[in-house]
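The values are calculated or read from the model by the stated rules, or taken from the named source; none is laboratory data. This is a predicted model, so every value here is computed, not measured. All Cβ positions, glycine included, derive from the backbone under ideal geometry; neighbour counts span all protein chains shown.
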4 protein chains.
Amino acid sequence: MEDKIPKFDVILQAAIKVIGQKGYHNAKIKDISNEADVADGTIYNYFSNKEDILVTIFRIKLEDYVNKAQQEIEGIDDTVEKLRILIRYHLKVMSENPDLANVLQIELRQPSKDMRMKVRRHLKNYFNVIENVINDGIKKGVFKKDLHIYLAREMYFGTLDEVVSTWVFSGQHWGLMDHVDELTEMFFKAFN
Amino acid sequence: MEDKIPKFDVILQAAIKVIGQKGYHNAKIKDISNEADVADGTIYNYFSNKEDILVTIFRIKLEDYVNKAQQEIEGIDDTVEKLRILIRYHLKVMSENPDLANVLQIELRQPSKDMRMKVRRHLKNYFNVIENVINDGIKKGVFKKDLHIYLAREMYFGTLDEVVSTWVFSGQHWGLMDHVDELTEMFFKAFN
Amino acid sequence: MEDKIPKFDVILQAAIKVIGQKGYHNAKIKDISNEADVADGTIYNYFSNKEDILVTIFRIKLEDYVNKAQQEIEGIDDTVEKLRILIRYHLKVMSENPDLANVLQIELRQPSKDMRMKVRRHLKNYFNVIENVINDGIKKGVFKKDLHIYLAREMYFGTLDEVVSTWVFSGQHWGLMDHVDELTEMFFKAFN
Amino acid sequence: MEDKIPKFDVILQAAIKVIGQKGYHNAKIKDISNEADVADGTIYNYFSNKEDILVTIFRIKLEDYVNKAQQEIEGIDDTVEKLRILIRYHLKVMSENPDLANVLQIELRQPSKDMRMKVRRHLKNYFNVIENVINDGIKKGVFKKDLHIYLAREMYFGTLDEVVSTWVFSGQHWGLMDHVDELTEMFFKAFN
DNA sequence: TATGAATGAGAATTCATTCAT
DNA sequence: TATGAATGAATTCTCATTCAT
């Protein structure tokens with residue numbers, strides 16, 4: 001009767017919630033299986049091991065993020081407008097999925113080389129979205145010619161990450177999206 | 001006669017190295033004791049448990065950072081110059097202690113409430129250094145009147161964190177301090 | 001098809017044997033798991049920790065003892081006969097389970113306040129069996145009017161404990177139940 | 001200036017207090033050294049290891065008990081009077097040294113064969129005091145001819161142990177020596 | 001596929017004992 | 001003798017993973 005959500009998705013969602021709230025190392029397989037309402041063993045029918053769950057979260061969610069973000073700026077011409085849309089989209093995704101925000105921001109910074117290798121490609125695409133816009137802005141003369149593109153990207157992601165982090169840890173009392181315009185303006189000026 | 005480094009410092013330094021490279025959860029007590037060249041049990045003569053090691057690193061290092069950073073800008077009047085000095089100091093500390101950088105940046109974001117409570121005060125002082133400069137800049141008219149101070153702080157730390165993170169993960173091939181002036185300029189413009 | 005003894009019982013029995021022979025502190029979890037022929041971890045599927053094993057032994061065994069002892073004297077009217085039956089039952093249980101005897105008698109006296117709190121209720125019921133008989137005897141005039149009931153109970157349990165202890169430590173060469181009648185007579189006279 | 005108590009005695013007394021209150025296994029060498037106000041290492045100048053402390057307590061205290069108990073009944077002729085004196089002496093010693101009472105009663109029941117071997121001789125002398133009185137009573141016709149001497153000794157020690165145990169665990173609210181006469185009478189009748 | 005009991009390697013921590021001072 | 005920092009073997013408990021049902 002019910003349209004059944006595939007077990008894979010149920011588990012993945014449960015994992016995001018649990019890992020987002022407890023962190024990867026404190027999240028037990030049992031916590032995830034409880035949250036997903038399946039048996040421990042069932043998880044191993046869909047994921048090869050615990051790390052694979054984390055990698056899969058990155059893979060699927062970053063891919064999804066990149067696709068949706070690209071769609072958002074599809075057809076937009078104005079660089080600053082693209083910037084604003086991306087900022088808004090980023091903060092929207094994160095504010096709607098604080099657990100996912102936690103997973104992406106914290107676990108992505110694991111010093112484990114191994115883990116980073118495994119998501120490098122998806123991370124690259126994730127970075128590309130904003131790098132393309134920055135590049136575009138430079139070409140169009142909206143941003144200064146000698147803008148250091150990596151520095152700009154680091155400022156963009158670093159700032160947004162920090163804003164989201166503060167918001168997540170502060171208990172999410174205020175609206176994460178209240179500052180879209182101000183941030184847009186700050187980036188615009190910084191890049192000029 | 002022997003120049004003896006106190007065991008406490010030896011262990012703390014070993015812990016910074018190991019935790020910085022492997023992350024808190026992957027760093028085993030045995031790894032730290034091996035690195036420090038002491039027995040496992042010796043660690044427990046100086047720290048009450050594993051978490052205490054991490055908290056102590058934060059406490060001592062943030063305290064030290066704040067003190068030294070304050071000294072650096074002591075007597076400087078020009079806001080932009082203070083900003084430049086802080087950026088340089090930050091990148092200098094981090095580039096000289098990449099392991100410490102990892103510990104501070106990554107482990108500080110552990111979602112463990114307990115942990116965050118324990119470093120909150122030191123973190124507050126850490127934030128205060130830059131917030132004071134920003135405030136000062138606003139008063140002096142160097143930065144715009146309605147600059148959102150938290151947003152500015154988040155941009156400052158977020159950006160520097162991301163720059164350091166990228167540098168750490170990339171294998172530290174390039175000079176972390178090459179971009180002090182460019183970053184200073186970007187912040188100056190963003191805050192205006 | 002297989003006559004399967006539940007793991008819980010297997011572990012409990014193994015624990016009684018090992019703890020009875022070595023004492024609680026000298027009995028290692030590995031000893032118990034070896035004796036039970038299960039993995040260490042399996043024990044923790046049935047008991048929350050080592051102390052819980054000990055408390056559970058007390059709970060189950062004292063409960064069982066009290067129930068069976070009550071049944072034994074069910075319907076008996078003569079006080080001295082009830083006394084004799086209880087003594088015989090006590091010595092029978094202990095002689096058939098010397099390890100259990102050890103656990104109950106020795107470990108029950110651990111000075112750990114915590115432990116004593118946890119078995120207090122069961123211990124109370126255990127004491128009640130004989131106290132009821134003594135009370136009954138007083139009312140019926142079989143024992144003297146001013147018999148100090150706690151003193152009588154202490155003599156009863158103290159004596160039986162010591163008899164069993166000596167028997168256990170001596171290597172159980174002689175028959176523990178050889179002296180049922182003599183003990184009955186001694187108590188009867190002492191209580192008069 | 002102060003007449004110095006030998007360190008050996010200080011440590012032994014501290015050990016009795018700590019072991020009596022916490023039990024042998026929960027009593028740490030550090031607890032004992034703290035209580036004795038000496039360094040850990042100092043203890044090993046007087047005792048070869050932790051077990052040796054316990055054995056020494058038994059040896060010295062049981063020896064002392066036996067000597068004093070013998071003195072108490074020296075020259076007394078009446079068997080029942082000797083019995084009363086011994087009971088009074090036992091309860092007096094225990095009520096004045098509840099920690100010692102704990103050590104003797106609880107730790108003596110360790111199922112460790114090893115430990116019991118090491119105090120067997122002293123325990124034998126301890127038992128002999130009352131056994132001699134019982135024997136004497138039989139010869140004199142004060143106790144019945146066919147009294148089973150071991151059973152009588154077990155009743156004597158078992159009862160007194162239980163009385164003391166109850167008193168120790170109950171928090172020592174009441175007077176341990178209130179029941180000397182009643183106990184004497186009960187034993188006298190039981191042995192007849 | 002789904003289950004969850006069983007597994008056992010692995011980790012943090014304790015503490016009796018040693019020994020250089 | 002006295003000290004107490006250092007040691008490291010030993011122990012309890014955890015939890016990712018397996019596999020018979």
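If you check B:ASN128 against the conditions, is it farther than 30 Å from A:ASP114 by Cα and either outside the structural domain of B:ASP77 (by TED's automatic domain parsing) or under 17 Å from the mean Cα position of the chain (by Cα) (or both)? So B:ASN128 fits the description; yes. Residues in segment A:85-125 that are of a type in the set (A, V, I, L, M, F, W, C) and within 20 Å of B:SER112 (Cβ to Cβ): A:LEU100, A:ALA101, A:VAL103, A:LEU104, A:ILE106, A:LEU108, A:MET115.
Here are A:LYS82, A:LYS68, A:LYS30, A:LYS22: which of them is over 27 Å from A:LYS113 (Cβ atoms) and not assigned by TED's automatic domain parsing to the domain that holds A:LEU123?
A:LYS30
Among the conditions (1) over 30 Å from D:LYS22 (Cβ atoms); (2) away from DNA strand E (no atom under 16 Å from the Cβ), the only one that C:ASP9 does not satisfy is (2). In this structure, is A:GLU81 under 23 Å from the mean Cα position of the chain (by Cα) and more than 13 Å from DNA strand F (Cβ to nearest atom)? Answer is yes for this residue. Remark: pairs (first residue in segment B:34-49, within 16 Å of B:ILE5 (Cβ to Cβ) and among the aromatic types (Phe, Trp, Tyr); second residue more than 11 Å from DNA strand E (Cβ to nearest atom) and part of a helix (DSSP H, G or I); Cβ separation under 6 Å; 6+ apart in sequence or on different chains) = B:TYR46/B:PHE8; B:TYR46/B:ILE11. Has segment C:149-172 got any residue that is farther than 30 Å from D:SER112 by Cβ, surrounded by 19 or more Cβ atoms within 10 Å (Cβ to Cβ) and in contact with a Phe, Trp or Tyr (Cβ under 9 Å, 6 or more places away or on another chain)? Yes; the residues of segment C:149-172 include at least one that is farther than 30 Å from D:SER112 by Cβ, surrounded by 19 or more Cβ atoms within 10 Å (Cβ to Cβ) and in contact with a Phe, Trp or Tyr (Cβ under 9 Å, 6 or more places away or on another chain).
If the condition is being more than 9 Å from chain D (Cβ to nearest Cβ), in a helix (DSSP H, G or I) and touching a residue at least 24 places away in the same chain (Cβ under 8 Å), then segment C:171-186 contributes C:LEU176, C:MET177, C:VAL180, C:ASP181, C:THR184.
Taking the conditions (1) at the interface with chain A (Cβ under 8 Å from one of its Cβ atoms); (2) in contact (Cβ under 8 Å) with a residue 12 or more places away in the chain; (3) touching a Lys or Arg at 6+ places or on another chain (Cβ under 6 Å); (4) assigned to a helix (DSSP H, G or I) in turn, B:LYS189 satisfies each one other than (2).
Here is a yes/no grid of residues against (1) charged (D, E, K, R); (2) surrounded by fewer than 20 Cβ atoms within 10 Å (Cβ to Cβ):
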| site | (1), (2) |
| --- | --- |
| C:SER48 | no, yes |
| C:VAL66 | no, yes |
| C:GLU72 | yes, yes |
| C:LEU83 | no, no |
| C:LEU100 | no, yes |
| C:ARG116 | yes, yes |
| C:ARG120 | yes, yes |
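Given the criteria surrounded by fewer than 17 Cβ atoms within 10 Å (Cβ to Cβ) and within 15 Å of the chain's Cα centre (by Cα), does B:GLN105 qualify? Here the answer is no, as B:GLN105 does not meet what is asked. Residues in segment A:126-148 that are over 16 Å from B:LYS189 (Cβ atoms) and not aliphatic (A, V, I, L, M): A:TYR126, A:PHE127, A:ASN128, A:GLU131, A:ASN132, A:ASN135, A:ASP136, A:LYS139, A:LYS140, A:GLY141. Of the residues making up segment C:64-82, those that are closer than 22 Å to D:SER165 by Cβ and not hydroxyl-bearing (Ser, Thr, Tyr) number 2. Inclusion of A:PHE58 among residues that are within 16 Å of DNA strand E (Cβ to nearest atom) and aromatic (Phe, Trp, Tyr) is not warranted.
Number of residues in segment A:134-175 that are hydrophobic (A, V, I, L, M, F, W, C) and within 17 Å of B:ARG109 (Cβ to Cβ): the value is 7. Restricting segment D:4-57 to residues that are within 12 Å of DNA strand F (Cβ to nearest atom) and within 14 Å of chain C (Cβ to nearest Cβ), the residue that is modelled with the lowest pLDDT is D:HIS25.
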